[in-house]
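Participant: One structure follows; several queries about it will come next.
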Amino acid sequence: MFFGNIGIDDTVALIYARLNQEIEIVGLVADYGNVSREDAVSNIYYVMKLFDFKEIPVILGAEVPLTGEQPTYYPEIHGERGLGPIVPNEDSEIKIENFWEIIKIIEKYKDELIIVNIGRLTSLATMFFLYHKLMKNVKEIYMMGGAFWVPGNVTTVAEANFHGDPFAVNIVLTYATNVTIILLNATQKAIVTPGMVDYIDSFGKTKIFKPLMQYYTRFYQERDPSLLGSPVHDALTLMATIYPNMFSLLKEVSI
């Protein structure tokens, strides 16, 4: 099950999941983050329709962080609506709050369920607040976030997902016992070059992947001309669930 704030790298992760037979998405939680929750929902429906996803529950997640502050969006990185140059015209289709759908998914899959949180952690933290006992049925939680011993990407020390709602991060890491954190340390090295984009695009299955990555790469190379391409933070986090041997993981970090 995905918890995401659907921007460019979130979308790349969704495309990867759709085309990888080893991954089955059983629910998508749309959160604020790169874009508003409303835009995140629209983006999810756009991608699902474009790539012919099977019917998957789309769940309204958090609109604001637990800090109570208004979220900051990043159109300069992800585009006006979160999909680079693409502006989807999909209706969100969700007319009522349906956060409780997460309960049904956890109860259905129980010890088989892996949660991949590739955005802010507000919705996930809320689940631990409301359904602490139920959350013990989740097999594993993978999250993209944090910058340990390296510079952050929103401040000199902070990574965007953790910085966007540090209260939520504290709650999840206090109560969850089965968490793997894929840090900015790793994801910033997952560079996709223009040549790699052209190669992937040549198979004709990834549709909007190329314009998304061209937009993303332009931003990163304007910020750092030495970069050969752009990182796919969220796709790498998803890959960790099926290819753990790609990573050197620490059991715990002592501070």
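Participant: Just one of A40, A17 is touching a strand residue (DSSP E or B) at 6+ places or on another chain (Cβ under 7 Å) and in a helix (DSSP H, G or I); which is it? Reasoning before the result, please.
Facilitator: Working: A17 fails: touching a strand residue (DSSP E or B) at 6+ places or on another chain (Cβ under 7 Å).
On inspection, the qualifying residue turns out to be A40.
Participant: Checking the structure you have, find out if any residue of segment 66-76 is modelled with pLDDT under 95, open to solvent by less than 80 Å² (accessible area, probe 1.4 Å) and either touching a strand residue (DSSP E or B) at 6+ places or on another chain (Cβ under 7 Å) or outside any loop (DSSP other than H, G, I, E, B) (or both).
Facilitator: Looking for residues that are modelled with pLDDT under 95, open to solvent by less than 80 Å² (accessible area, probe 1.4 Å) and either touching a strand residue (DSSP E or B) at 6+ places or on another chain (Cβ under 7 Å) or outside any loop (DSSP other than H, G, I, E, B) (or both), one finds at least one in segment 66-76, hence yes.
Participant: So, V157, is that one of a type in the set (A, V, I, L, M), assigned to a loop (DSSP other than H, G, I, E, B) and either loosely packed, with under 14 Cβ neighbours inside 10 Å or on the phi > 0 side of the Ramachandran plot (or both) or not?
Facilitator: So V157 fits the description; yes.
Participant: Mind listing whichever residues of segment 231-245 are under 19 Å from the mean Cα position of the chain (by Cα) and open to solvent by 50 Å² or more (accessible area, probe 1.4 Å)?
Facilitator: Y243, P244, listed by residue number.
Participant: Looking only at segment 45-72, which residues are without any contact (Cβ under 8 Å) to a residue 40 or more places away in the chain and either closer than 28 Å to F129 by Cα or among the aromatic types (F, W, Y) (or both)?
Facilitator: Selection gives F53, I56, V58, L60, E63, G68, E69, Q70.
Participant: Which is at pLDDT 95 or above, surrounded by fewer than 18 Cβ atoms within 10 Å (Cβ to Cβ), within 25 Å of A62 (Cα to Cα) and not acidic (D, E), of V179, V169?
Facilitator: When all the criteria are applied, what remains is V179.
Participant: Now for a different question. Looking only at segment 109-131, decide whether some residue is outside any helix (DSSP H, G or I) and at pLDDT below 95.
Facilitator: no
Participant: Also: Looking at segment 202-230 only, could you name the residues that are in a loop (DSSP other than H, G, I, E, B) and surrounded by fewer than 13 Cβ atoms within 10 Å (Cβ to Cβ)? Outline the logic, then answer.
Facilitator: Start the filter on segment 202-230 by keeping residues that are in a loop (DSSP other than H, G, I, E, B), which leaves 202-208, 224-229.
Within segment 202-230, S202, F203, G204, K205, D224, P225, S226 meet the criteria.
Participant: Considering only segment 45-63, state which residues are within 15 Å of F99 (Cβ to Cβ) and either surrounded by 24 or more Cβ atoms within 10 Å (Cβ to Cβ) or within 16 Å of the chain's Cα centre (by Cα) (or both).
Facilitator: Narrowing segment 45-63 to residues within 15 Å of F99 (Cβ to Cβ): 57-63.
Once the filter is applied, which keeps residues that are within 15 Å of F99 (Cβ to Cβ) and either surrounded by 24 or more Cβ atoms within 10 Å (Cβ to Cβ) or within 16 Å of the chain's Cα centre (by Cα) (or both), segment 45-63 yields V58, I59, L60, G61, A62, E63.
Participant: Filter segment 18-34 for residues that are open to solvent by less than 10 Å² (accessible area, probe 1.4 Å) and over 12 Å from the mean Cα position of the chain (by Cα) and give the result.
Facilitator: G27
Participant: Determine the pairs where a residue that is polar (S, T, N, Q), located within segment 217-245, has a partner that is surrounded by 17 or more Cβ atoms within 10 Å (Cβ to Cβ) and part of a loop (DSSP other than H, G, I, E, B) with Cβ atoms under 6 Å apart, the partner being 6 or more residues away or on another chain.
Facilitator: Cβ pairs passing all conditions: T217/G229; T237/I118.
The values are calculated or read from the model by the stated rules, or taken from the named source; none is laboratory data. Being a predicted model, the structure only gives us computed values, none of them experimental. Counting neighbours? That spans all protein chains shown, and the Cβs are built from the backbone with ideal geometry, glycine included. What goes into the accessible areas is simple: the full protein's heavy atoms, side chains included, and nothing from ligands, DNA or RNA. Shrake-Rupley method; radii C 1.70, N 1.55, O 1.52, S 1.80 Å.
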